[in-house]
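Student: Got a structure here, written out as structure tokens. Questions coming.
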There are 2 protein chains.
Amino acid sequence: MSIAQNTETTAKLRCIACGATPDTAGRDFRCTVCGDLLEFFFPEWTDGAEPRHHTDPSALKSLWLQRRTSRDALDQSGVWRFRELLPHIPNLEEHAITLREGNTPLYHLPRCARVAGVEDLHAKHQGMNPTASFKDTGMTFAASSAHQGKFRWVACASTGNTSASMAAYAARGNMHSLVLIPDGKISWGKLSQSLDYGALTCQLRTDFDGCVHILNELVRQKPVYLLNSVNPYRIEGQKTAAIELMEQLAWEPPDHIIVPGGNLGNSSAIGKALVEMRELKLISRLPKLSIIQAQGANPFYRCVHEFGGKKLEPMTADTLATAIRIGNPASWKKAVRVLQATGGEVEQVTEVEIAAAKAEIGADGIGCEPASAVTLAGLKKLRRSGFVKAEESVVLILTGHLLKDPDFTIKFHRGDLFAGTAGATEAVQAKYLQRAPIVLDADLGAVIAALDAAERNS
Amino acid sequence: MSIAQNTETTAKLRCIACGATPDTAGRDFRCTVCGDLLEFFFPEWTDGAEPRHHTDPSALKSLWLQRRTSRDALDQSGVWRFRELLPHIPNLEEHAITLREGNTPLYHLPRCARVAGVEDLHAKHQGMNPTASFKDTGMTFAASSAHQGKFRWVACASTGNTSASMAAYAARGNMHSLVLIPDGKISWGKLSQSLDYGALTCQLRTDFDGCVHILNELVRQKPVYLLNSVNPYRIEGQKTAAIELMEQLAWEPPDHIIVPGGNLGNSSAIGKALVEMRELKLISRLPKLSIIQAQGANPFYRCVHEFGGKKLEPMTADTLATAIRIGNPASWKKAVRVLQATGGEVEQVTEVEIAAAKAEIGADGIGCEPASAVTLAGLKKLRRSGFVKAEESVVLILTGHLLKDPDFTIKFHRGDLFAGTAGATEAVQAKYLQRAPIVLDADLGAVIAALDAAERNS
């Protein structure tokens, strides 16, 4: 069992801090020299030569489009369809594990555009992936790498979207999966998916960092494949969301792309794809990639605005947007580079701003989980600050499906979400979107009166 | 505001009971002569003439395939891509409301195939639609019809998948939506979607039939468009799941298609599509379409096996598979015709059989809601009875996403689902798939021991 290095193509591993280029990765995916994260890079793309035949931009665009008509499972995947921009996995046909991930819709958001004060607003909905979050695009690639390495076990520390996605792909690839979670803080709804897919779930009598510590020990001692976000294969798979987005926009980049910021792996992946696509002349310019955090889980916001992107101070994170409730994001250095490369901004938003934005996205007929809604909330602030202009085009990356957290929606509409802050400006601000059910007698006149009242208030 | 009849193409409305062919439908979509359901038919397809150019089978197949490479929103929808087989909606570009529904994956189920004792088993997963159930394929078509008719309000009586889908498409089309539900029986999780999309929800002090009664009164008195399953536009949209399935199978029909049976609209739609595709020579033979009900909600099973398909006796339905907890299915006569046309069977399955089948589907890496799992449970019985043979090919239609009902999954794995029946054969039968979380000290040795134990038991 080993993490295979690519021998046929040009992808190589490199440490993001010290620049070391190991031939193979250790099972903890850390640099053996300095301990920092590894990433893939493609030396041939940046050697100054003219694009080679296999990276000719128009040939690639045409190939990827034609694969849409193929019945081959790899071609039908929105990740594997773009495999020319991913590291090579040997004997791919034998090892690829796919659930037809990717191929997610790009939605126009007319109502949200009015609210935010921009003319051209779209959402790329990664929550429409098979397990209902963006994690699937990275997981198909990393799980396939595990399968190619002949691993029988894969593992992560996560109570949410990562474990759901990992367990699905492991089951699909006939591998066992292990989920480590802190005891006493189980969100049963979030665990339902990994249980359904047959994961072994261990609640450890420690906190989240304690789980990560045990997990790193475990993969060093036993042949268990690590599927946490430090795994660089996951980042590569997640790049495809940006490639697919550019294809949907006829390879005309928008002015802005806005991404929720939690562990910062997704921001890093999308930024990496943008830079690589420009290198390969697939696009002619870079959109500004901006990252939005919840105010209660804002270590990256503080990293950039207080420490100039030089250091990240871990914190105890607290936000109802659980998918980005992360106090010590693994990929912060990669995200700093993305901001620098694209000229993007980092913003933070409050809980009520998140709830209002989520309801506004819902009113456009598109559901999402709270973490996804930080993008619209952040856009409003970036618009007010002048960073985003009214005539500029904007794409929000929605990362999870509404059904990932129905409780948040219910509490919002019943008025229970901010019950303690009633009367506060922020709570009032979101109120106009609340739609609590009305109890009526079984009487036609009563229903008609409710209809008329709703019509008047709309 | 009116329900437009199609003037440009050949679709006409016909009563399924008395054969009356009204020019337009009333707002309750009932036959004005006898009160039974209406359906669309296409006289040109069955006039004995050779296929016309616009229904030439190979031209259609090629057209539909090429649309996969289009950037047009209608072409990208897995419903509108097949619009040649649907009634014409005037000024479609102006009125079509789409969320890029359809395009759902066809998954191979290797583990379930072994369990069921068949060689070739696939699942068409309609739970991968935007609002996470099969309802979206019908709703895009019916909601567009409402928009074309200039309705400002759409309505249904439903606490589940129908209201979620309706509310999303209404919001998308700038229409208001009304959901009527019985007071006191609210499943908040199921309602989260329609609340998020801004539906007006009225809890009436009556039962479900009372809600339906008020709703029918309402649409007769006010310009409100009825989106319950009696709406024949919904059936037309749902046909596309079968068309897309045949395309995925290179137009080679499987031997069997197995569908969950609740209100029986979906069985009717898929059966209708199969018959029409054979008429148009898109396929050369009909698969057997079989319908599976939960034993506690089996009015159609009894209709067929006790009353020879001649009458349906309504009942009080009781099953944890809430999406098919229906005691008085509206489309039972249509479903009887489908069984007769295709030679399919009707089977019923117990609660434990449903839970075991759901866990087996999950172990293949594919989640679904309990109602979807009746298909695998039913297949096992049809295999034992000899109706399905080992070498025959089978496609299960999964109708809803796992996240539609996470509580069922959690309770199953914690052993709470059949706590009252502990020791019963059926409860034991499902037990081997249960994966309750294990509580451990934060100790590497303990985790490794758990891993080894899981390995031994697998």
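Student: Got a number for residues in segment B:205-239 being more than 10 Å from B:Asp28 (Cα to Cα), more than 8 Å from chain A (Cβ to nearest Cβ) and in contact with a helix residue (DSSP H, G or I) (Cβ under 7 Å, 6 or more places away or on another chain)?
Tutor: Matching residues across segment B:205-239 total 8.
Student: Still on this structure, please answer the following. For the subset of segment B:178-204 comprising residues that are outside any helix (DSSP H, G or I) and in contact (Cβ under 8 Å) with a residue 40 or more places away in the chain, which member is nearest to the other protein chains (Cβ to nearest Cβ)?
Tutor: My answer is B:Leu178.
Student: How many residues does segment A:363-407 hold that are more than 18 Å from A:Ala113 (Cβ to Cβ) and aliphatic (A, V, I, L, M)?
Tutor: Residues meeting the conditions: 3.
Student: Could you grab me the full set of residues in segment B:381-414 that are on the phi > 0 side of the Ramachandran plot and crowded, with 24+ Cβ neighbours inside 10 Å?
Tutor: Listed by number, the list is empty, since nothing qualifies.
Student: Need at least 3 residues that are farther than 25 Å from B:His125 by Cβ and open to solvent by 40 Å² or more (accessible area, probe 1.4 Å) per element, so show me which helices (runs of 4 or more DSSP H) inside segment B:227-320 make the cut, counting only ones lying wholly within it.
Tutor: Counting at least 3 such residues, we get B:299-307.
Student: Quick one: which helices (runs of 4 or more DSSP H) sit completely within segment A:10-124 and have at least 3 residues that are at pLDDT 95 or above, touching a helix residue (DSSP H, G or I) at 6+ places or on another chain (Cβ under 8 Å) and open to solvent by less than 20 Å² (accessible area, probe 1.4 Å)?
Tutor: none
Student: Checking B:Lys358 against (1) crowded, with 21+ Cβ neighbours inside 10 Å; (2) modelled with pLDDT under 95; (3) not polar (S, T, N, Q), which test does it fail?
Tutor: Exception for B:Lys358: condition (2).
Student: Considering every residue within segment B:417-432, establish whether at least one is closer than 30 Å to A:Phe208 by Cβ and in contact (Cβ under 8 Å) with a residue 24 or more places away in the chain. Let's see the steps before the verdict.
Tutor: At the first step, the residues of segment B:417-432 found to be closer than 30 Å to A:Phe208 by Cβ are B:417.
Subset that is in contact (Cβ under 8 Å) with a residue 24 or more places away in the chain: B:417.
Yes, segment B:417-432 contains at least one residue that is closer than 30 Å to A:Phe208 by Cβ and in contact (Cβ under 8 Å) with a residue 24 or more places away in the chain.
Student: Then there's this: Would you mind telling me which numbered condition in (1) in contact (Cβ under 8 Å) with a residue 12 or more places away in the chain; (2) open to solvent by 10 Å² or more (accessible area, probe 1.4 Å) A:Glu217 fails?
Tutor: (1)
Student: Return a yes/no flag: does segment B:111-130 have any residue that is free of Cβ contacts under 8 Å to residues at least 12 places away in the same chain, farther than 27 Å from A:Glu455 by Cβ and not polar (S, T, N, Q).
Tutor: Yes.
Student: Give me a count of the residues in segment A:168-185 that are within 13 Å of A:Thr98 (Cα to Cα) and either touching a helix residue (DSSP H, G or I) at 6+ places or on another chain (Cβ under 6 Å) or of a type in the set (Gly, Ala, Ser) (or both).
Tutor: Restricting attention to segment A:168-185, the residues satisfying the condition of being within 13 Å of A:Thr98 (Cα to Cα) are A:168-174.
Then keep just the ones that are either touching a helix residue (DSSP H, G or I) at 6+ places or on another chain (Cβ under 6 Å) or of a type in the set (Gly, Ala, Ser) (or both); that gives A:168-171, A:173.
Within segment A:168-185, residues that are within 13 Å of A:Thr98 (Cα to Cα) and either touching a helix residue (DSSP H, G or I) at 6+ places or on another chain (Cβ under 6 Å) or of a type in the set (Gly, Ala, Ser) (or both) number 5.
This table checks each residue for (1) at pLDDT below 95; (2) of a type in the set (Gly, Ala, Ser); (3) farther than 24 Å from A:His108 by Cβ.
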residue: A:Lys389; (1), (2), (3): no, no, no
residue: A:Gly400; (1), (2), (3): no, yes, no
residue: A:Phe408; (1), (2), (3): yes, no, yes
residue: A:Leu417; (1), (2), (3): yes, no, yes
residue: A:Thr421; (1), (2), (3): yes, no, yes
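Student: A further question follows. Do the conditions hold for A:Ser331, that is, is it open to solvent by less than 20 Å² (accessible area, probe 1.4 Å), touching a Pro at 6+ places or on another chain (Cβ under 9 Å), among the hydroxyl-bearing types (Ser, Thr, Tyr) and in contact (Cβ under 8 Å) with a residue 24 or more places away in the chain? Lay out the reasoning, then the answer.
Tutor: Working: open to solvent by less than 20 Å² (accessible area, probe 1.4 Å): yes; touching a Pro at 6+ places or on another chain (Cβ under 9 Å): no; among the hydroxyl-bearing types (Ser, Thr, Tyr): yes; in contact (Cβ under 8 Å) with a residue 24 or more places away in the chain: yes.
No; evaluated as a whole, the condition is false for this residue.
Student: Then there is this: Of (1) of a type outside the set (A, V, I, L, M, F, W, C); (2) part of a helix (DSSP H, G or I); (3) at the interface with another protein chain (Cβ under 8 Å from one of its Cβ atoms); (4) open to solvent by less than 10 Å² (accessible area, probe 1.4 Å), A:Ser165 satisfies all except one. Which?
Tutor: For A:Ser165, the exception is condition (3).
Student: Those residues that are open to solvent by 10 Å² or more (accessible area, probe 1.4 Å) and away from chain B (no Cβ under 13 Å), I need them from segment A:125-144; list them, please.
Tutor: Result: A:Phe134, A:Lys135.
Student: If you don't mind, there's one more thing I want to ask. Taking B:Glu347 and the conditions (1) surrounded by 15 or more Cβ atoms within 10 Å (Cβ to Cβ); (2) of a type outside the set (A, V, I, L, M, F, W, C); (3) in a loop (DSSP other than H, G, I, E, B), which numbered condition does it fall short on, given that it satisfies the others?
Tutor: (3)
Student: Which members of segment B:368-403 meet the condition of being outside any helix (DSSP H, G or I) and over 16 Å from the mean Cα position of the chain (by Cα)?
Tutor: Correct list: B:Ser385, B:Gly386, B:Phe387, B:Val388, B:Lys389, B:Ala390, B:Glu391, B:Glu392, B:Ser393, B:Val394.
Student: Anything in segment A:358-387 that is of a type in the set (A, V, I, L, M) and more than 12 Å from A:Leu109 (Cα to Cα)? List them, or say none.
Tutor: Scanning segment A:358-387 gives A:Ala359, A:Ala371, A:Ala373, A:Val374, A:Ala377, A:Leu379, A:Leu382.
Student: What residue, among those in segment A:361-375 that are among the aliphatic types (A, V, I, L, M) and either over 18 Å from A:Tyr301 (Cα atoms) or within 14 Å of chain B (Cβ to nearest Cβ) (or both), is most open to solvent (accessible area, probe 1.4 Å)?
Tutor: Residue satisfying both the conditions and the ranking: A:Ala363.
Student: Follow-up question, since we're still on this one. Collect the residues in segment A:305-359 that are among the polar types (S, T, N, Q) and more than 26 Å from A:Ser187 (Cβ to Cβ), keeping them in residue-number order.
Tutor: The answer is A:Gln340, A:Thr342.
Student: For A:Arg337, work out the one condition from (1) surrounded by fewer than 23 Cβ atoms within 10 Å (Cβ to Cβ); (2) over 20 Å from the mean Cα position of the chain (by Cα); (3) outside any loop (DSSP other than H, G, I, E, B) it doesn't fulfil.
Tutor: The one condition A:Arg337 does not meet is (2).
Student: Residue by residue through segment B:350-367, note down the ones that are part of a loop (DSSP other than H, G, I, E, B) and on the phi < 0 side of the Ramachandran plot.
Tutor: B:Thr350, B:Asp364, B:Ile366, B:Gly367
The values are calculated or read from the model by the stated rules, or taken from the named source; none is laboratory data. Just so we're clear, the structure is a prediction, and the values are computed from it rather than from any experiment. Please note: Cβ atoms are built from the backbone with ideal geometry, for glycine as well, and neighbour counts cover all protein chains shown. Accessible surface areas use protein heavy atoms only, side chains included; no ligands, DNA or RNA. Shrake-Rupley method; radii C 1.70, N 1.55, O 1.52, S 1.80 Å.
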